[in-house]
Amino acid sequence: MSDRAEEILKEAGAYFTWQNVGGRGLSGHQHQAGTARMGNDPKTSVTNKYGQVHEIDNLFVADGSLCVTNGGFNPVLTIMALGYWVGGYIAKNWKGTNFR
């Protein structure tokens, strides 16, 4: 996978790349995120501003998927805040049926 990533970077114009292929054991050097963009338009986003998936009633996302890009620091507090935001919306609006 690192070879493919290097290939993509070079095709995108990178002059220098380097690989640091991990070994066995746990890794803590990356933060997976960004697979479920928040937004108002279902054509350009997966969820609304409350983490509710546009196309599926009663399905919410409340994790790092909502963070399309991470800043230069550990995103754990942002992810916790998003979980609190989404959970608060669910708790306030839950009626045992769908939200729409």
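The values are calculated or read from the model by the stated rules, or taken from the named source; none is laboratory data. Since the model is a prediction, treat every value here as computed from it, not as a measurement. Virtual Cβ from ideal backbone geometry, glycine too; neighbours counted across all protein chains shown.
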Quick count over segment 1-41, residues being assigned to a loop (DSSP other than H, G, I, E, B), among the polar types (S, T, N, Q) and modelled with pLDDT under 85, is 5
Among the residues of segment 45-74, write down those that are surrounded by 16 or more Cβ atoms within 10 Å (Cβ to Cβ), in a loop (DSSP other than H, G, I, E, B), in contact (Cβ under 8 Å) with a residue 24 or more places away in the chain and not hydroxyl-bearing (Ser, Thr, Tyr). Gly51, Val61, Ala62, Cys67, Asn70
